[in-house]
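K.L.:
Next up is a structure, given as structure tokens.
The values are calculated or read from the model by the stated rules, or taken from the named source; none is laboratory data. Computed from a prediction, not measured in an experiment: that's the story for all the values here. Note that each Cβ is placed from the backbone with ideal geometry, even for glycine, and that neighbours are counted across all protein chains shown. In case anyone asks, the SASA skips ligands and DNA or RNA and just uses the protein heavy atoms, side chains included. Shrake-Rupley method; radii C 1.70, N 1.55, O 1.52, S 1.80 Å.
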Amino acid sequence: LGNGGSTLHALRCLEEQYGDQWTSFTVLLIHSGGYSQRLPNASALGKIFTALPLGEPVLQMLELKLAMYLDFPRHMRPGVLVTCSDDIELYSTGAAEAITFDKPGFTALAHPSELAVGTTHGVFVLDPSSLSGKGGLEYGLCHRFLHKPDVETMQRRGAVCVRGDCPQLSCPGGRGDSGTAPQCVYTDSVFYMDRGTAQRLLHFYKQMGTLCCEIDAYGDFLQALGPGATPDYTKNTSNVSKEGSGLAAVRQQLYSLLQGTALHVIVLNNSQFYHIGTTQEYLFHFTAESKLRFELDLQPVAFSIVPGTAKALDQLSIIQSVLKPGCVIGPGSVIEYSRIGPAVSVGKGSIVSGSYINFSVDIPSDCFLSSVSVRITGGVEYATMVFGVGDDLKKSVKSLSEIHSLRFFGASLPECLDLWSVEASDQLFSGEDTHLGLWTARIFPVCSTLSESVRMSLNMLNSVLHKSAFKLSGFQLLSVEEMLTYKDVEDMLKFRKQIYDEICLERQKEKSDY
């Protein structure tokens with residue numbers, strides 16, 4: 001459905017549960033996270049439950065969102081506040097300034113950002129006559145909204161501001177080499193729609209019956225708004241992950257429905273927008289000297305049992321995990337919800353999630369390792385996905401003759417399949433025939449225990465790194481897509497709870513010893 005389709009579906013659920021009463025509510029609607037192909041340790045349970053290296057016990061993204069938006073409801077008319085699960089908005093306003101959502105139509109927060117950031121987000125073309133250019137918080141109007149535009153489009157449409165003629169007090173970046181003032185654009189994050197607008201969208205959804213394509217709550221709702229909106233975007237599918245049938249027609253109908261609706265903006269000049277939706281962003285914000293790490297006081301060790309030697313290291317992130325004395329974790333790595341044995345070394349810049357490693361192994365640098373509990377027929381079994389942190393799980397090709405362009409930890413997929421004695425056939429991929437990629441490749445062995453599944457997947461990786469054979473024949477093999485179909489969330493939570501209980505016990509013991 002896309003996050004737009006799921007927004008409409010959620011509105012319908014509210015109406016089914018509360019009748020007309022829902023239109024008097026102030027609603028916080030968070031997209032819990034889709035496939036999460038760029039941060040697959042969040043795929044099984046949803047990005048909104050991503051653990052942060054903060055708090056005892058650790059906070060998840062959900063708690064952070066609730067804390068950030070705590071003041072909104074008291075300055076908000078009935079309506080719906082829509083937000084993603086992988087972004088963090090930090091801002092400061094004057095003591096007497098409050099963010100107020102009380103206008104008809106849509107109201108969006110706008111943050112000063114570098115032009116490069118604008119190419120992967122929504123960008124507002126602001127109406128300069130509605131802004132004074134003073135203060136940390138301003139209310140204005142948006143002339144039109146651009147969805148992931150290139151730099152040339154931003155400039156052509158008048159979205160680019162220069163310090164001096166535009167109010168970006170905290171516009172990132174210093175002066176350019178030429179001595180010119182830095183340029184910036186205002187990018188999107190959270191948006192609000194009043195109840196009248198939400199009702200119109202729900203009525204549209206009920207009339208549609210069944211949605212047969214992905215709708216984007218940002219691109220497809222916001223691009224229809226403002227006096228400068230044009231319907232050109234309805235035919236542009238460059239940013240769509242699955243086009244689906246009739247996407248252009250549905251967009252055209254949404255455009256007709258929303259055209260002429262106002263898009264108000266709340267310009268937060270002293271604000272910073274952070275995105276934690278990819279492995280690179282996740283590693284950077286959790287382990288490097290990032291501004292976010294400083295502002296939220298993210299910890300190198302959060303609610304974990306670690307040997308004394310690991311405590312001295314700053315450039316890593318251990319979240320609700322148990323590490324045995326003797327293990328070595330390289331700088332820039334994140335370990336979450338895992339048990340790491342004494343004979344384990346993890347290289348630099350790696351991610352280990354939900355795993356139990358009780359055998360001797362060297363996990364290479366830049367390795368992504370995440371275990372999932374699965375229930376295929378009867379009892380619980382386990383599968384562990386392993387990739388390079390930079391591998392592209394979104395990339396897909398249409399035919400077997402093209403799979404050589406898919407890269408697994410630097411090697412071409414056919415090369416890997418040879419080492420594993422796996423035949424490249426149509427049966428190798430799950431899902432649709434036209435989406436052959438690392439996401440749908442059936443290459444991960446199913447095992448009866450968690451540690452065994454980790455061992456087998458690391459054996460696969462080692463065979464690729466050392467160009468040595470490791471036969472996968474005899475195993476049932478799953479793709480990441482199938483792991484999510486068969487996932488057993490309860491068992492995954494049980495494993496986390498066992499770690500949690502052990503840490504609590506250890507904490508009590510430390511207190512009594514003290």
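K.L.:
So, in the range 104-114, of the ones that are at pLDDT 95 or above and either open to solvent by 10 Å² or more (accessible area, probe 1.4 Å) or part of a loop (DSSP other than H, G, I, E, B) (or both), which residue ends up nearest to residue 185 (Cα to Cα)?
P.N.:
The residue in question is 105.
K.L.:
Quick check on this structure: which one of 140, 136, 219 is out of contact with any Gly (no Cβ under 9 Å at 6 or more places or on another chain), of a type outside the set (S, T, N, Q), modelled with pLDDT of 80 or more and buried (at least 17 other Cβ atoms within 10 Å of the Cβ)?
P.N.:
It is 140.
K.L.:
Then there is this: Starting from residues that are within 18 Å of residue 479 (Cβ to Cβ) and open to solvent by 50 Å² or more (accessible area, probe 1.4 Å), keep the ones in the range 402-423 and report whichever is nearest to the chain's Cα centre (by Cα).
P.N.:
Out of the qualifying residues, it is 407.
K.L.:
Only residues in the range 403-420 that are within 17 Å of residue 367 (Cα to Cα) and polar (S, T, N, Q) count as the first member; pair them with residues that are at pLDDT 95 or above and surrounded by fewer than 16 Cβ atoms within 10 Å (Cβ to Cβ), Cβ under 9 angstrom, at least 6 apart or cross-chain, and list the lot.
P.N.:
Close Cβ pairs (under 9 Å, with a partner that is at pLDDT 95 or above and surrounded by fewer than 16 Cβ atoms within 10 Å (Cβ to Cβ)) amount to 412/404; 412/405.
K.L.:
Another question about this same structure. Based on what the data block shows, is residue 127 over 23 Å from residue 262 (Cβ atoms), in the same structural domain as residue 259 (by the TED database), touching a residue at least 12 places away in the same chain (Cβ under 8 Å) and buried (at least 17 other Cβ atoms within 10 Å of the Cβ)?
P.N.:
Taking the combined requirement at face value, the residue does not satisfy it.
K.L.:
For residue 463, work out the one condition from (1) of a type outside the set (Lys, Arg); (2) open to solvent by less than 40 Å² (accessible area, probe 1.4 Å); (3) in a loop (DSSP other than H, G, I, E, B) it doesn't fulfil.
P.N.:
That leaves (3) as the condition not met.
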